[in-house]
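The values are calculated or read from the model by the stated rules, or taken from the named source; none is laboratory data. Small disclaimer: the values here were computed from a predicted structure and weren't measured. Ideal geometry is used to build each Cβ from the backbone, glycine not excepted, and the neighbour counts take in all protein chains shown. SASA here: full protein model, heavy atoms, side chains in, ligands and nucleic acids out. Shrake-Rupley method; radii C 1.70, N 1.55, O 1.52, S 1.80 Å.
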Amino acid sequence: MSYVDEVLARVKTKNAAEPEFLQAVDEVLESIRPVVEANEELYKKEAILERITEPDRQFKFRVAWVDDNGQVQVNTGYRVQFNNAIGPYKGGLRLHPSVYLGIIKFLGFEQVFKNSLTGLPIGGGKGGSDFDPKGKSDREVMAFCQSFMTELSKYIGADVDVPAGDIGTGAREIGYLYGQYKRITGLYEGVLTGKGLSYGGSLARTEATGYGLLYMTEELLKSHGQDIAGKTCVVSGAGNVAIYAIQKAHQLGAKCVTCSDSTGWIYDPEGIDVDLLKEVKEVKRARLTEYAAARPSAEYHEGRGVWSVKCDIALPCATQNELLIDDAKALVANGCIAVCEGANMPTTLDATQYLQQNGVYFVPGKAANAGGVATSALEMSQNSERLSWTFEEVDAKLNQIMVNIYHNIDDAAKRYGKEGDYVAGANIAGFEKVVDAMLAQGVC
């Protein structure tokens, strides 16, 4: 049995109840086989694969808070510090009822390679809770965040572990979390990213993941002799990533005709109205039915269906495993030429393979959505220097980072005889840097 197969078998036995984590590990280890086989004796002796698939540490804790009726509520909080070979742990905090340890481990594992791809000195981690901020008052959200940070603050720091936002954790939540960290520690430091501009946040951070996704998509098409201008895009999601992906796509001359939330989806053949979408989702925190009611050209549909719309480019920006094999078949049948992931692992393994086998350019989330964490690292730099860069400065750095990531993953795929396989290229390029650092630092 090969070293890769040995470790895969061990990980699957040990983490049998965590399918998302197993899916992520399987994808990475399968695609880095050529690298491991070329260095099998050394990597096995140093237990590289065992060390890279086992988190440095993981925390699970009770979060007790009081709701507006005076009732005490209890949620579970998590933080997984996965690997800090190239820098402090870095990764968001997800607040959603689906959160459990397996989700956090999958996200933290992916974050190791995503952060490596940025070229910036940040390691991988992730955290969150099964708390649902939807429908909660500002006071209830504050009560939860303060209780959550009271425990989390013991394990994080500007040079140790720097959390950020994710699903359910936006500007409001980051503000409450930061205030509590400052209250407990007395430190005014860059311990969180995605902060408000008035207290250390970075311009362009809000837009970064969505903008970066489109910079990646633009460079991908350009390298294949195509122009993004004039292309029709379908987008899932209606949160931060989706909104700013749609905005940047329109700026680049493409047209996005769909978006979705947890209850349904919009088809707008005239192109999604970004200002209206922001009003519905960022201001009113309402459902997409309100978008359809205010936009005569829009159709609202219950349930799933975004991937049934004819398009040139698909941008999954909602959540994990949302693009299934039947969706992949529909995209191929409708002439889709590229799928670039704005969310973390939104495409199932069989759907990914089907898209690749049918000639669709496919860029995984660890490369395509790395603009968010890259700009978080730029926020960390500004905090350390006590400086604030202009929007244009940050945006230009973001654009260059995404262009560099594309060429790094393209080159890595070519070096191992996998030209055009950007999943393998992303995993290989991310893995090589982390392993070099691990070997240099000895057994730790």
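Once amide H atoms are placed 1.01 Å from N in the peptide plane, what residues at a sequence separation of 5 or more from residue 362, or on another chain, have their amide H within under 5 Å of its amide H?
339, 422
Using the Karplus curve 6.51 cos²θ - 1.76 cosθ + 1.60 with θ = phi - 60°, what ³J(HN,Hα) values do you get for each residue of segment 91-106, in whole Hz, with x for Gly and Pro?
x, x, 10, 9, 10, 6, x, 6, 5, 8, 4, x, 5, 5, 5, 4
Cβ under 11 Å from residue 384's Cβ, residue 384 left aside: what net charge do those residues give with Lys, Arg +1 and Asp, Glu -1?
Computed value for this residue: -3.
Just to be sure I understand: with springs between alpha-carbon atoms less than 10 Å apart, which residue in 286, 351, 318 has the highest mean-square fluctuation in the Gaussian network model of the chain?
Maximum among the listed residues: 286.
Could you work out the per residue convex hull volume over the alpha carbons of segment 205-365, in cubic angstrom?
In segment 205-365, the Cα convex hull volume per residue is 95 Å³.
When the accessible area of the chain is computed with all protein chains present and a 1.4 Å probe, what percentage of it is carbon and sulfur?
49 percent
Which percent, nearest 5, of DSSP beta bridges in segment 54-189 are antiparallel?
If we restrict to bridges inside segment 54-189, about 65 percent are antiparallel.
If we count every other residue with Cβ under 13 angstrom of residue 116's Cβ, Lys/Arg +1 and Asp/Glu -1, where does the sum land?
+1
Could you give the accessible area per residue of the chain, probe 1.4 Å, as a whole number in Å²?
Heavy-atom accessible area per residue stands at 38 Å².
Starting from the Kirkwood Rh over alpha-carbon pairs, what translational D in µm² s⁻¹ does segment 385-444 have by Stokes-Einstein at 4 °C and 1.567 mPa s?
Roughly 96 µm²/s, to the nearest whole number.
Using only Cα atoms, figure out Rg for segment 54-189 and give it as a multiple of 2.2 N^0.38 Å.
1.01
Leaving ligands, DNA and RNA out of it, rank 138, 327, 159 by accessible area with a 1.4 Å probe, largest first.
159, 138, 327
What number, in percent, do you get for the relative contact order of the chain if the mean sequence gap of Cα pairs under 8 Å and at least 6 apart is divided by its residue count?
Result for the chain is 15 percent.
Among 385, 299, 173, which one shows the highest mean-square fluctuation when the chain is modelled as a Gaussian network with alpha-carbon springs under 10 Å?
Evaluated over the chain, the most mobile residue of the options is 385.
Between residue 47 and residue 72, what is the spin-label point distance in nm, taking each point 7 Å from the Cα along the Cα→C-beta axis?
4.1 nm
With unit charges on the beta carbon (Lys/Arg positive, Asp/Glu negative), name the residue among 113, 375, 76 whose Cα is farthest towards the positive pole of the charge dipole of the chain.
Result: 76, furthest along the dipole toward the positive end.
Could you size up the charge dipole of segment 1-131 around its Cα centre, putting +1 on the beta carbon of Lys and Arg and -1 on that of Asp and Glu, and report it in debye to the nearest 20?
420 debye
Of the listed values (1) 20.9, 64; (2) 22.8, 73; (3) 28.4, 83, grab the one calculated as Rg and Dmax of the Cα atoms in Å from the structure here.
Here Rg and Dmax of the Cα atoms in Å agrees with entry (1).
Quick one: which residues, 5+ away or cross-chain, put their amide H under 5 Å from the amide H of residue 125? H built at 1.01 Å from N.
Result for residue 125 returns 82, 90, 91.
Quick check on the chain: of the DSSP beta bridges with both residues there, what percent are antiparallel, nearest 5%?
Once the DSSP bridges in the chain are tallied, antiparallel ones form about 55 percent.
Give the lysines reachable from residue 248 as a straight Cα distance under 25 Å; neighbours fewer than 8 places away on the same chain don't count.
Leaving aside lysines fewer than 8 places away in the same chain, those within reach of residue 248 are 114, 195, 222, 231, 278, 281, 284, 310, 366, 397.
Restricting to DSSP H runs of at least four residues, report the calculated mean residue ellipticity at 222 nm for the chain, -39500 (n - 2.57) per run over all residues, nearest 500 deg cm²/dmol.
After summing the helix terms and dividing by the residues of the chain, the value is -15000 deg cm²/dmol.
GNM, the chain, Cα, under 10 Å: largest mean-square fluctuation among 211, 199, 176?
Comparing 211, 199, 176 in the GNM, the peak value goes to 199.
Would you work out the charge dipole size for segment 353-444 about its Cα centre, treating the Cβ of every Lys and Arg as +1 and the Cβ of every Asp and Glu as -1, and quote it to the nearest 20 debye?
In total the dipole reaches around 240 debye.
Looking at the calculated P(r) for segment 144-229, what percent of the C-alpha pair distances fall above 17 Å?
Value for segment 144-229: 55 percent of Cα pairs lie more than 17 Å apart.
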